[in-house]
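A.B. asks: Okay, handing you the structure first.
The values are calculated or read from the model by the stated rules, or taken from the named source; none is laboratory data. Fair warning: this is a prediction, and the values are worked out from it, not measured in the lab. Backbone-built Cβ (ideal geometry, glycine too); neighbour counts: all protein chains shown.
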Amino acid sequence: MPTTTIATVRAAPRLSRGFFNRDAVTVARELLGKLLVRREGSQLLAGRVVEAEAYLGAADPAAHAYNGRTPRNAVLFGPPGHAYVYFIYGNHYCTNVSCMPEGDAGCVLLRALEPVVGIAAMAANRDLELAADPTHSQLRNIASGPGRLSEALRITRDRDNGKDFTSPRSDLWFADDGHRVAEIAATPRIGVNQAVHEPLRFLAGGNPYVSGSRKL
DNA sequence: GAGGAGATCGTCT
DNA sequence: GACGATCTCCTCT
């Protein structure tokens with residue numbers, strides 16, 4: 001895989017509102033291979049999306065929006081392209097992006113990133129020691145899971161929930177550097193107890209940075 | 001490498 | 001008061 005540099009990330013155009021103004025399945029599939037970028041002062045942190053899950057809004061019993069609008073999930077009922085960040089299991093944040101036309105409350109859960117730029121800083125955010133890891137086996141622990149990627153990019157509810165990914169002033173955005181995923185695999189979603197057989201989890205086939213053991 | 005259980009707290013009922 | 005779109009550590013094989 002060609003090396004992605006800071007210059008590449010800086011030059012890659014941001015994804016616009018229209019990208020997210022589609023159904024969750026389409027957005028989840030097309031997000032694979034895109035870059036998720038965080039600006040921390042003068043530093044850039046970026047990872048390539050290799051795993052995402054689609055949640056279909058009010059029609060999906062596994063979705064947070066299924067039981068209607070609450071203060072927590074209000075972002076999902078707003079315009080597409082906004083960050084929905086929630087706290088789970090007492091110690092983890094999960095990062096979603098709202099999609100579908102406004103009011104339908106669909107979203108895509110970001111489940112794993114392949115670290116691309118600012119790798120050392122992301123590892124530090126996760127308390128991982130890359131310097132003491134000559135085989136780089138820790139690389140895939142940086143962002144291979146919803147809680148992990150949120151921690152690596154320092155995404156929290158207080159700081160980022162409701163943030164507009166498509167605003168030119170945002171310090172958190174998606175970018176397209178032209179990379180295309182060769183193969184997209186679909187599996188059932190992870191950790192859900194409703195609609196468990198729907199193949200709404202999408203992964204970059206063969207990529208070692210996806211979460212869990214079901215890599216395909 | 002695989003599997004089980006605890007941690008820990010916001011959200012909803 | 002119960003539960004959860006998870007992670008990590010520990011034990012066993």
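A.B. asks: Answer yes or no: is there a residue in the range A:162-173 that is within 16 Å of DNA strand B (Cβ to nearest atom) and at pLDDT 90 or above.
C.D. replies: Yes, the range A:162-173 contains at least one residue that is within 16 Å of DNA strand B (Cβ to nearest atom) and at pLDDT 90 or above.
A.B. asks: Taking the conditions exactly as written (closer than 16 Å to residue A:30 by Cβ and within 14 Å of DNA strand B (Cβ to nearest atom)), does residue A:91 satisfy them or not?
C.D. replies: For residue A:91, the condition - closer than 16 Å to residue A:30 by Cβ and within 14 Å of DNA strand B (Cβ to nearest atom) - is not met.
A.B. asks: If I ask for residues that are farther than 26 Å from residue A:77 by Cβ and surrounded by fewer than 20 Cβ atoms within 10 Å (Cβ to Cβ), which ones from the range A:12-42 would you list?
C.D. replies: A:13, A:39, A:40, A:41, A:42
A.B. asks: Looking at A:142, A:119, A:184, A:155, which one is within 16 Å of DNA strand B (Cβ to nearest atom), β-branched (Val, Ile, Thr) and at pLDDT 90 or above?
C.D. replies: None of the others qualify; the one that does is A:155.
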